[in-house]
1. Multiply the residue gap between GLU88 and ASP190 by 0.36 nm, knock off their C-alpha separation, and tell me the result in nm, one decimal place.
2. Enumerate by residue number the GluC sites (Glu not before Pro) in the range 182-279 meeting two conditions: DSSP loop (anything except H, G, I, E, B), and at most 11 other Cβ atoms within 10 Å of the site's Cβ.
3. What does the extension gain come out to for GLU252 and THR227, with contour length at 0.36 nm per residue minus their alpha carbon separation?
Amino acid sequence: MKTKYIYALPKICCMVLVCLTYFFAGCSEQWESSLSEIAANKVTLKVQTVDSQTGEVMPNVKVAVYSKPRGQAEGRKVFEGVSDDNGELSVQDFDVPNQAEIVVVDTRFPPAPPQSVKVLSEATATISLEVSKTWSETHIYDATGWEALAVSSVNGSSHGQNVLIENTATWHTRYSPAPAEDFPHWIVIDMKSAYALHGLAFKQRANNNGPIRAIEFYVSNDNQSWTPALTTEVPYTNPGSWHVLPFTQEYEARYLKFVVTAGYLQDVTFINLERLGVF
């Protein structure tokens, strides 16, 4: 499962507080000048997860810790675990001097860059890593290599693959020759591997040419048995804006099916879709 870690939810954040039993050097000058004076040692990193809005302990948050000694281009994962009922976990025998990179890897939360700290000598320090539960279009998975397997209809060259490409080309259902294709309209996408899915986002061409009103969204791992993930109506806003629609639970799936069951304009049965993504 790839977790790459997206709208419409209240913004709730949590902070990961990392208590170090050794001194945290905040600036590169201290880090560089102190390296020659400190013998290699081991420390215990103590991590506590708390809700940033209430300050209350936030249990069962999955965290990873990477060790990145001076001169190394990439870090090495030395720990991955879930905080206990008290929001606590410990990383034993972390080598110093060193740089720790700490990141929440819990797929319930949007991805965020790791928090880096430099660990030198004995002391106690605290750092925080804010993690938002609010998904947005910035969290949409990269669709490179994905494939639009099938669509209900197409008009000319406005094919389904366009919804996976970052440009203004669209998938447009058939409207010529008349009469236009009627609802429902649908598209099936193969992501080529399974992803953790928390919601979908889509936008239409920036005009009122076939605005979408009601949708259904399904997920599958075999392109045969489909699980309903969402049924809703979207507001009649500028179609050039993103509609961000979180699920009520996480799904793991490879195939996506987006179905449009109604539009906003009377006697207009075609639709267009510029982008479709999941997060």
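Rule-based calculations on the coordinates, nothing more; no lab input. Just so it is clear, the structure is predicted and the values come from calculations on it, not from any experiment. Reconstructed Cβ throughout: ideal geometry from the backbone, glycine too, with neighbour counts over all protein chains shown.
1. 32.8 nm
2. Answer by residue number: there is no such site.
3. Contour length minus the Cα-Cα distance gives 7.9 nm.
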